[in-house]
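Have a look at the structure below before the remarks.
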Amino acid sequence: MLTPSLPLTLYVDASCPLCAREIHLLQRRADPQRLHLVDISAANFDATAAGRSREQLGQLLHARSADGHWLTGIDATYWSWHCVGLGSWVAPLRWRPMRPFWLVAYRIFALLRPHLDWLPHPDGAARCRDRCSVEKPDDEQQKLR
């Protein structure tokens, strides 16, 4: 695997409670010259501009190098962590004898991830599956209570 050209753009799902923890760690350390994070769950995200569908980007972690090459799964994970100076934490992802194990483990995680929305989100916000059906009361209704 060749070193990707920088900056690396990492397409993340900030609505995923498990992913949000990793995203927070990466954001704190990210230098925009090396790593740029794009939230695919944001209302204004345009998947067509990325050249992928939102569904594709949500199924596996995707990263795109400055020269347009795509990295997915464990490769996207490794290089995003490497870009923020934490490559040694994820070095086992590059160990050739372990690679088949990591590929299978990541595929299993990717299949389970959509079902982890019951986990608490690190920002403390309550999460609903799909969209909440209960509307928040406006300020006037709050004052009457």
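Things worth noting here:
- Scanning the stretch 1-37 for residues that are under 14 Å from ALA66 (Cβ atoms), aliphatic (A, V, I, L, M) and buried (at least 16 other Cβ atoms within 10 Å of the Cβ) turns up LEU6, LEU8, LEU10, LEU35.
- Scanning the stretch 60-71 for residues that are within 17 Å of ILE23 (Cβ to Cβ) and free of Cβ contacts under 8 Å to residues at least 60 places away in the same chain returns LEU60, LEU61, HIS62, ALA63, ARG64.
- Some residue of the stretch 33-53 being among the small types (Gly, Ala, Ser) and within 9 Å of the chain's Cα centre (by Cα): no
- LYS143 meets the conditions (1) loosely packed, with under 10 Cβ neighbours inside 10 Å; (2) of a type outside the set (S, T, N, Q); (3) modelled with pLDDT of 55 or more in every case but one. The failed one is (3).
The values are calculated or read from the model by the stated rules, or taken from the named source; none is laboratory data. All figures in this text were calculated on a predicted structure; none of them were measured in a lab. Note that we place each Cβ from the backbone using ideal geometry, even for glycine, and neighbour counts take in every protein chain shown.
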